[in-house]
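The values are calculated or read from the model by the stated rules, or taken from the named source; none is laboratory data. Bear in mind that the values here come from a model prediction, so they are computed numbers and not experimental data. Keep in mind that these areas ignore ligands, DNA and RNA; they rest on the heavy atoms of the full protein, side chains included. Shrake-Rupley method; radii C 1.70, N 1.55, O 1.52, S 1.80 Å.
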Amino acid sequence: MTAPLRREPPGGAPTPADAVRLRRLNRWQAETLREDLADLYVESSRAQAGQEYRRREAFLRRLTGDIRRPGFALLIAEDSAFAGCAYGFPVPREGTWWRGFDGTLPQSVEQLTASGHVFAITEIVVHPHTDDQDLARRLQQRLLADHHASLGATLVGQADVPDCDAFLSWGWQDIGAIRRPPDPTVLRPWAPVLLRAMILPLGPRTPARPDGLAHENRTQRPD
């Protein structure tokens, strides 16, 4: 049984950061906890007054779509309550994740995608009241390590400067822009969505591959 979403520690005492545990949820558990995860997202987002409902519904649509993807995985961070979550899925080999990329995709990224070694993190949520200041980085590292990825990938809104800066501080690289069709669920959806494509190389750094954009053949993903 999962603890209530916002259960406080006994006596109101703060929970040490090292008490935050990371736990994987399967697809069924993620479906069961959709509403709790949406509550966590709203509490953690920078939504302006009056936008909470729209942001919550958008999050639920994204989560529902990602749960259906092959290889979907979700991590929960919890102490006495949910402190955060991160989820994603393996990038399809045919490269649809990079559709709309402005320019030529780096060859090494294209090769790793075709080999099945790229894992996309589509959401990282951390509650602002958690004492673990490193939680977002811990979540992404664990999610990528669990899937033996050679490359992490994520998309960040062009206007989300704090999020872009955070990923860069964790070692991610901005490799260019991706333009996606307008979202029909938002008001006045005539403009394409402009996103920053970011990658995190996880392969061994060698003289031949100082950027870490490589993988070992013995870990080749099956078709």
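At a glance:
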item: Sulfur and carbon atoms: percent of accessible area, segment 38-169 [1.4 Å]; result: 48 percent
item: Radius ratio Rg over Rh of segment 89-153, counting only Cα atoms, Kirkwood formula for Rh; result: 1.07
item: Rg [Å, one decimal], Dmax [Å, integer] - segment 65-199, C-alpha atoms; result: 15.3, 47
